[in-house]
Structure formats: structure tokens, C-alpha cells
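Colleague: Just passing along the structure, written as C-alpha cells.
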Amino acid sequence: MDEETLERVRDVVAAIPPGATSTYGRVAADAGIPGRARLVGRILAEDGHDLPWHRVLRADGTCAPHIAREQSARLRAEGVLLVDGRLPRDRR
């Protein structure tokens, strides 16, 4: 992965406002790398500690299982409530 791609993904995630969410796929598309949702996940895992990574959900509106507890708590603190572990369809 090149530095330009990394920075575009970081910029897209940084621009997600509090109380809003996006998906890995949408972030990829907005960063100009459509179809690379997994790459977005890898970038956030490796270089996203200073970003609002918790605002990025899976395509089905759920949190990644290994970070679900912390992610849902951070979202709840911003007023985003998950129902049965999933973002309600009207919020996607």
C-alpha cells in the first residue's frame, strides 16, 4: 500500500463527524479505492489509533467482533445506539 492511499483513507475516516457512522466499503469508495474494504480495516488496525475508528462499521451495520465492546461503547457515548449489536437500518 502506498502512502497516498493510506493518507486518503485516514482523511476520510477523520472527516466522519461525532454521532455519524460509515462502513469500511464506503470509506474505501470515498478514498478512491472501491472494493478495498478489507484494506481500510487493515489501515485502521495498524495506523488508526488516533482516528475515530469506532465510527466505521461493517456493511451489515455491526461492529467487528474483536472490538465490538469498545466500539459500541464509544458509539453510545456519541449518541449512536446499536440494537442487538447492529446499527438500525434507518441510521445506515
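Readers should treat all values here as calculations from the given coordinates under stated rules, not as data from a laboratory. What you are looking at is a predicted structure, and each value in this text was computed from that prediction instead of being measured. Reconstructed Cβ throughout: ideal geometry from the backbone, glycine too, with neighbour counts over all protein chains shown.
Colleague: How many of the residues in the stretch 33-49 are in a helix (DSSP H, G or I), under 20 Å from residue 75 (Cα atoms) and free of Cβ contacts under 8 Å to residues at least 12 places away in the same chain?
Modeller: 1
Colleague: Hey, another quick one. Looking at the stretch 55-83, I want the residues that are more than 18 Å from residue 18 (Cβ to Cβ) and have a partner that is hydroxyl-bearing (Ser, Thr, Tyr) with Cβ atoms under 7 Å, at least 6 apart or on another chain. Which pairs are those?
Modeller: 58/23; 58/24; 59/23
Colleague: Would you check which residues across the stretch 8-32 are out of contact with any Leu (no Cβ under 7 Å at 6 or more places or on another chain), assigned to a helix (DSSP H, G or I) and either surrounded by fewer than 18 Cβ atoms within 10 Å (Cβ to Cβ) or of a type outside the set (A, V, I, L, M) (or both) and list them?
Modeller: Listed by number, the residues that qualify are 8, 11, 24, 25, 26, 29, 30.
Colleague: In this structure, is residue 75 surrounded by 13 or more Cβ atoms within 10 Å (Cβ to Cβ), touching a Leu at 6+ places or on another chain (Cβ under 7 Å) and not polar (S, T, N, Q)?
Modeller: Against the criterion (surrounded by 13 or more Cβ atoms within 10 Å (Cβ to Cβ), touching a Leu at 6+ places or on another chain (Cβ under 7 Å) and not polar (S, T, N, Q)), residue 75 qualifies.
Colleague: Another question about this same structure. State all residues of the stretch 60-84 that are β-branched (Val, Ile, Thr) and farther than 22 Å from residue 38 by Cβ; if no residue qualifies, say none.
Modeller: 80, 83
Colleague: Looking at the stretch 39-59, which of its residues are closer than 27 Å to residue 81 by Cβ, charged (D, E, K, R) and within 12 Å of the chain's Cα centre (by Cα)?
Modeller: Correct list: 55, 58.
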